[in-house]
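Inspection log for the structure reproduced underneath, given as structure tokens.
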């Protein structure tokens, strides 16, 4: 009987490894961000550029990756077919990021929710900024990003203090059209 299962295993081959090429094999963000094809695809998607979100005049892709390499969440298949992978920055969990991909593994949307202290120490009273990277200037994807941010703020009210509601927390939305 054991030889039957061994033969069956050899016939079907090993399970696909998590990555954009096999997005169905990814169950959580931590799996996806360490996949060989993820970081190069994310860098192509975001493109060159510098910002001072977490480090002065730092590479934008590096800073987005910082939010995705912390504690990751399980992937979520959304009603429009997109798959959401989210995480928070290690040791600074109110700073969060998410990647939205198609079932074929194509990145369509990347978001970050963070205190925009320009790489300086925050005083604790700063409102959040939402950075949105889109494949195209899509109102539907921008709405998806804003809904994600509102959900993160609502879900984690203790680490993301809400003043009078989510509209008072998000100071601005920065929109970047992806280069890929």
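Every number in this text was worked out from the coordinates using simple rules, so none of it is lab data. It should be emphasised that the depicted structure is a prediction, and the values quoted were computed from it without experimental measurement. A quick note on method: Cβ atoms are made from the backbone with ideal geometry, for glycine too, and the neighbour counts reach across all protein chains shown.
Put a dot 7 Å past the Cα of residue 154, heading toward its Cβ, do the same for residue 76, and the two dots end up 1.0 nm apart. Extension gain, residue 50-residue 28: 0.36 nm per intervening residue step, less the Cα-Cα distance, totals 5.1 nm. Computed extension gain for residue 127 through residue 93, at 0.36 nm per residue and net of the alpha carbon distance, reaches 10.7 nm.
In this structure, residue 173 and residue 15 have a Cβ-Cβ separation that, at R0 = 45 Å, corresponds to a calculated FRET efficiency of about 0.70.
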